DNA sequence: GTCTATATAGAGATAGAC
DNA sequence: GTCTATCTCTATATAGAC
């Protein structure tokens, strides 16, 4: 796409640094100045690349949208499968990259901000996936259970404070959980 | 303790309102003014009851400390039990009150703030519990898995965005998850 | 215990030169 | 594309009267 010659493009560098800071200190605990300092540039320069602070985190989230669309498509194509919940959850798991993990951490660290920014947005494609997985008559308990299955990676991330698991460790445990929860 | 005559004490009223706002809009997304307005008083009045904004959220968390201490004690007393992980997780589950759930939501909504406020504090008693549950030679995977088991309620809460489950629904699903994960 | 008034600092954001 | 300088607003927090 872009004419990437030597290092990374400035915009990508900004996103990279912002992702780390937002995840660690929180969106509102991170000032534009913090990001600029970490990059060795001034606040003003950031506004050349992004119209405002929200725009930075919006860009971070936009990068992941297509993945959920792909999941929805996959689920539609396999709607008749037996054991669809487990299969879909494992399919989602198999697509988990380090980038997605970072985005998950970002979202977990900034729930109120993400909620604010996504309310009024397009309807969550994840909801469509659950409709397909569960059918129209699922109990509340089954709805909750299915969501936990699908959020296995999130659950491991949430629980992993204090343990320094590698990406492989996290995915392996998430996979084990998915299997144990879907007999 | 306090001479509670008519309504709740003002301090408790403040904590109640602050808990809701911090959970919904986030700690830094909620101003002292927001809290004061919701209570029909002025910002200054809040500073009579709490030395600063951090103090409010610190009080909120302090209220839960004894519960973890109790869990640690229970685990020490049952250290020789077979199936200790499941038993301890279910014991923890059985002590889950609406107040604890709210505290969990607060913590999940404000991870960076909580981290900042608890770093350098006393060592997490939860860590001691996991030491007892796992022993010294547990693999990273087993450590992660045990933490997920214990965080079943958190996992359900995290996954339950978009589903309006009652307290009973949430606890029932969490219990089911604990059982399924601990054969 | 609650108020009015105010101090102070830091945030996000813009203008305009280079 | 990055800078300096600056604007403006809002936040936390305090002083002191009642």
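The values are calculated or read from the model by the stated rules, or taken from the named source; none is laboratory data. Remember, it's a predicted structure, so these values are computed and weren't measured experimentally. No Cβ is skipped: glycine too gets one built from the backbone with ideal geometry, and neighbour counts run over all protein chains shown.
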**Q.** Condition broken by residue A:49, with the remaining ones in (1) within 16 Å of DNA strand D (Cβ to nearest atom); (2) within 13 Å of chain B (Cβ to nearest Cβ) satisfied
**A.** (2)
Q. At pLDDT below 95 and within 8 Å of another protein chain (Cβ to nearest Cβ): does that describe residue B:124?
A. yes
Q) Looking at residue B:173, is it within 14 Å of another protein chain (Cβ to nearest Cβ), in a helix (DSSP H, G or I), in contact (Cβ under 8 Å) with a residue 40 or more places away in the chain and over 15 Å from the mean Cα position of the chain (by Cα)? A) no
Q) Exactly one of (1) surrounded by 18 or more Cβ atoms within 10 Å (Cβ to Cβ); (2) more than 9 Å from chain A (Cβ to nearest Cβ); (3) under 18 Å from the mean Cα position of the chain (by Cα) is unmet by residue B:133. Its number? A) (3)
Q.
Regarding segment A:73-86, can at least one residue be identified that is surrounded by 12 or more Cβ atoms within 10 Å (Cβ to Cβ), within 14 Å of chain B (Cβ to nearest Cβ) and within 16 Å of DNA strand D (Cβ to nearest atom)?
A. no
